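For reference, the structure discussed in these notes is given below.
Just so it is clear, none of the values below were taken in a lab; they were calculated from the coordinates. These figures come from a predicted structure and were not determined experimentally. Note: ideal-geometry Cβ built from the backbone for every residue, glycine included; neighbour counts use all protein chains shown.
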Amino acid sequence: MKLKDIAKRLLASAAAAALITVNAGYLPPKEEAAAQTTISNPIIWADVPDVDVIRVGDTYYMVSTTMYFSPGAPIMKSKDLVSWEICNYVYDTYAEGDVQNLTNGKHDYAHGQWASSLRYHDGMYYVFFGSYGSGKSYIYKTDDIENGKWTRSEINGMYHDASMFFDDDGRNYLIYGGGGNIEIKELNAEMTGFKNGGVSKRLFSTGLDNLAGEGAHVHKIGDYYYVFIIAWPSNSGRIELCYRSKELLGTYEGKTVLNSGVGTYGSGVAQGGIVDTPDGEWYGMLFQDHGSVGRIPVLVPVTWQDGWPMMGVNGKAPVTLTIDGDYSGTSLAKDDDFSYDSEDDIALEWQWNHNPDNSAWSITEREGYLRLKNKTLASSIVNARNTLTMRTEGPACSSAIKLDTKGMKIGDYAGLSAFQFKYGNVGVYVAMTDLRRFIWLKTEDILLLPQLRTAVIKSWNR
């Protein structure tokens with residue numbers, strides 16, 4: 001987002017309700033070809049962390065982490081592993097409390113929904129995640145992943161970076177853990193919690209230091225059970241490890257299957273699982289931590305060597321790779337003129353910072369506008385309720401907002417934010433008793449870092 005340009009475009013007649021235009025500035029290069037297309041990593045240059053991918057028939061589904069944003073745990077679908085669109089969310093709110101509602105001085109920042117596991121089994125789709133915000137874990141399930149509602153089961157305790165696994169003998173498990181210690185617990189047949197008297201033990205320990213191993217993704221392929229994890233030991237970048245055993249509860253051996261950044265950006269590509277295509281090819285879907293841009297998905301080919309799924313091309317995450325067929329790309333930053341018939345129709349690209357106050361916003365009260373009502377006081381944007389957000393895209397993108405400020409009162413702020421820990425704001429501040437408005441810039445943070453999110457921010461008073 002070019003915030004200086006935005007400031008020039010904001011007028012004194014601008015608003016607490018908005019028309020947003022977001023133009024993505026990044027489309028991977030495309031070669032015209034009858035059968036194949038060359039695409040670039042990252043396949044999505046936006047914050048889509050902790051991805052887990054499955055294939056059902058000829059369709060791929062992916063879940064990612066959105067932590068404190070609401071709705072959460074977005075489900076994306078694709079036909080080619082690189083062109084993704086959001087089709088559903090697992091939940092509107094995973095919990096209701098001061099932490100999740102951003103009230104009474106509490107928040108869910110750095111907590112909320114963590115690294116979800118997505119699986120398909122016997123006609124049902126399952127998502128598991130834990131939350132340090134609530135101290136609980138959750139199993140959601142539906143028979144319609146693209147349009148259906150999810151039923152929810154709650155488990156006491158936070159099970160870190162877990163992966164569900166359905167074994168061939170009909171028994172179900174959860175593999176989880178951190179600090180290099182990977183644990184397993186048996187789930188019940190109904191997938192609503194743990195089985196009484198079921199398996200509960202440590203599968204293996206990596207013996208590494210620093211970030212010693214977490215982010216389990218479990219697969220049974222051929223004769224082996226494979227557990228993929230991320231590690232970041234001393235004197236190394238992030239690496240992708242794979243442990244395997246011919247018995248689920250047996251002895252595991254480990255191997256580094258990828259130790260690479262993407263191009264000249266050195267941050268290691270890791271954390272994720274593998275998925276096969278209908279034609280029998282294999283790919284790993286991992287992420288690269290790209291600073292303030294967020295954690296961006298990277299697609300790497302997999303080749304099998306002595307039963308090990310080795311990732312990359314000559315051991316490196318490729319900058320470009322070819323896929324069969326045409327390529328439409330992924331765009332998570334989109335235009336919106338806020339012309340909706342129902343509050344439920346709001347585009348899936350939008351998320352609220354924490355659970356919204358649904359009595360304080362509307363997209364139908366005034367056609368073509370998002371209306372935000374100031375019902376709470378906040379000292380800054382980080383504790384202002386009803387901040388509406390959308391992912392931005394790298395390496396650069398721009399945004400424009402049209403505001404109508406007639407409803408704003410003295411002390412109110414409204415506008416756009418590059419919303420992150422080091423945030424930058426541009427907008428309108430009502431300061432004078434005669435209700436004169438002026439453009440306001442929070443300049444100390446605007447130029448520090450690229451942005452994670454574009455936000456239409458609720459008016460707040462301080």
Inset, instruction - Subtracting the Cα-Cα distance from 0.36 nm times the residue separation, let me have the gained length for Lys201 to Lys79 in nm, one decimal. - result: 40.1 nm
Legend entry - Helix-derived mean residue ellipticity, 222 nm - over the chain, DSSP H n ≥ 4, -39500 (n - 2.57), to 500: -500 deg cm²/dmol
Legend entry - Extended-chain gain in nm, criterion 0.36 nm per residue less alpha-carbon gap, Asp144 and His121: 7.0 nm
Inset, instruction - Counting other Cβ atoms within 10 Å, keep those with at most 14, restrict to DSSP loop, and tell me which trypsin sites (Lys or Arg not before Pro) in the range 292-388 are left. - result: Arg366, Lys375
Legend entry - Centroid-to-centroid separation of the range 87-119 and the range 228-294 [C-alpha atoms, Å]: 26 Å
Inset, instruction - Report the extension gain between Leu377 and Glu247 in nm, rounded to one decimal, defined as 0.36 nm multiplied by the number of residues separating them, less their alpha carbon distance. - result: 41.1 nm
Inset, instruction - Hey, can you grab everything whose amide H is under 5 Å from the amide H of Ile75? Only 5+ residues off in sequence or another chain; H modelled, so Pro and N-termini drop out. - result: Cys87, Asn88, Tyr89, Val90
Inset, instruction - Assign one of three labels to the range 41-138, namely rounded, prolate or oblate, based on the Cα gyration tensor with a ≥ b ≥ c the square roots of its eigenvalues; rounded applies when a/c is under 1.5, prolate when it is not and a/b is larger than b/c, and oblate otherwise. - result: prolate
Inset, instruction - Please give the net charge around Gly123, taking every other residue with its beta carbon less than 15 angstrom from that of Gly123, where Lys and Arg add +1 and Asp and Glu add -1. - result: -3
Legend entry - Which label in [x] 2.24; [y] 1.06; [z] 1.01 gives the computed Cα Rg over 2.2 N^0.38 Å: [z]
Inset, instruction - Within the range 43-87, find all residues whose amide N lies under 14 Å from a label point positioned 7 Å from the Cα of Glu281 along Cα-to-beta-carbon. - result: 79-83
Legend entry - chymotrypsin sites (Phe, Trp or Tyr not before Pro) within the range 361-424, DSSP loop, no more than 11 other Cβ atoms inside 10 Å: Phe421
Legend entry - Spin-label pair Glu367/Asn188, simplified geometry with 7 Å Cα→Cβ offset, distance in nm: 5.2 nm
Legend entry - Sparsely packed GluC sites (Glu not before Pro) within the range 324-409, loop by DSSP, other Cβ within 10 Å at most 16: Glu365, Glu367
